[in-house]
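Visitor: Mind having a look at this structure? Questions to follow.
The values are calculated or read from the model by the stated rules, or taken from the named source; none is laboratory data. Quick caveat: nothing in here was measured; it's all calculated off a predicted structure. When we count neighbours, we look across all protein chains shown, and the Cβ atoms used for this are built from the backbone with ideal geometry, even at glycine. The accessibility values were calculated without ligands, DNA or RNA, using every heavy atom of the protein model including side chains. Shrake-Rupley method; radii C 1.70, N 1.55, O 1.52, S 1.80 Å.
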Amino acid sequence: MASMAAAMLDELMGQDRDLLPNEKPKGPHWDDESVCKHHLCGFCPHDLFTNTKSDLGMCPKKHEERLREKYEASSRHQKMGYEQAFLRYLETLVEEMDRKIKRGRQRLANNSAYRDKVACEEGNDAGSNEDIARIDETINNLLLEVEDLGQQGEVDEAQQVMKRIERLKREKEGKQFAGHRAELDDFEKRMEVCDTCGAFLVINDTQTRLDAHLTGKQHIGFTKVRAKIDDLKVRLACQMFIPVA
């Protein structure tokens with residue numbers, strides 16, 4: 001427990017938090033290879049998507065707020081190429097997500113086109129509750145007829161009626177299956193893909209479910225990544241026009 005608390009303090013305050021003013025720092029410098037340069041530039045993407053489908057795993061490099069503050073106060077701030085590398089990495093993440101979003105939209109479009117084709121070729125076989133109830137009533141009446149025929153010794157006639165009953169049962173099953181498929185198709189037609197994080201959403205879903213999506217790690221993470229890309233592009237573009245002293 002103590003080691004976990006120490007590790008948390010190291011990340012928040014740095015390994016040199018207990019040093020006296022006249023003591024030399026024992027921790028790393030911000031330009032050391034062991035320090036995460038993405039974290040220096042704002043945040044590390046590895047921290048954004050823990051336990052989500054976009055989980056990047058743990059970052060193998062050090063994250064310390066003290067180091068970021070020292071980097072930002074340094075005369076070499078934004079002159080090391082860290083921001084440019086960070087921008088390229090974030091753009092790679094977004095490009096991969098945008099491909100996923102495109103695939104998701106294509107999947108919904110393909111499913112919709114296939115359903116429309118089947119509906120045109122086969123017609124709508126989905127049965128209403130009234131249709132299925134009528135089939136059940138007919139089957140029950142025919143079973144009574146089979147019983148009467150059996151009592152009269154009319155075996156051949158009873159077998160013919162049984163065949164008709166089997167056909168009605170298959171018709172009922174087909175209508176039930178078509179009804180379930182229609183419900184599923186209707187559900188998929190009401191879906192869309194989030195253009196930020198690629199999640200599948202139900203159109204006009206409840207506000208509670210929408211809020212849960214918007215406050216989820218993956219959505220918040222990619223919102224932050226996309227905003228940071230815009231911010232870096234502006235800052236780097238402005239930096240190009242600042243005269244060197």
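Visitor: Ordering R164, R66 by accessible area with a probe of 1.4 Å, largest first, what comes out?
Guide: Result, largest first: R164, R66.
Visitor: If R0 is 25 Å, what FRET efficiency do you get for D31 and D230 from their C-beta distance, rounded to 0.05?
Guide: FRET efficiency, D31 to D230: 0.40.
Visitor: Hey, which of these cross-link pairs are over 20 Å Cα-Cα: K100/K217; K37/K61; K70/K217; K37/K228; K37/K62; K37/K79?
Guide: Among K100/K217; K37/K61; K70/K217; K37/K228; K37/K62; K37/K79, the Cα-Cα distance tops 20 Å for K70/K217.
Visitor: Still on this structure: For region 22-84, state which GluC sites (Glu not before Pro) are in a DSSP loop and have at most 13 other beta carbons lying within 10 Å of their beta carbon.
Guide: E23, E33
Visitor: Multiplying the sequence separation of C59 and L142 by 0.36 nm and subtracting their Cα-Cα distance, what value in nm do you get?
Guide: Separation in residues times 0.36 nm, less the Cα-Cα distance, equals 22.7 nm.
Visitor: Moving on. How much accessible area does Y89 have with a 1.4 Å probe, in Å² rounded to the nearest 10?
Guide: 70 Å²
Visitor: Calculate the spin-label point distance for N51 paired with M162, positioning each point 7 Å from the Cα along the beta-carbon direction, and give it in nanometres.
Guide: 5.9 nm
Visitor: Which value, in Å² rounded to 10, gives the accessible area of D131 with a 1.4 Å probe and all protein chains present?
Guide: 50 Å²
Visitor: With the Cα gyration tensor of region 25-90 giving a ≥ b ≥ c as the square roots of its eigenvalues, does the rule (a/c under 1.5 for rounded; else a/b larger than b/c for prolate; else oblate) give rounded, prolate or oblate?
Guide: Oblate, since a/c reaches 1.5 and b/c is not below a/b.
Visitor: Mind grabbing the accessible area of M162 for me, 1.4 Å probe, Å², rounded to tens?
Guide: Ignoring ligands and nucleic acids, M162 comes out at about 70 Å².
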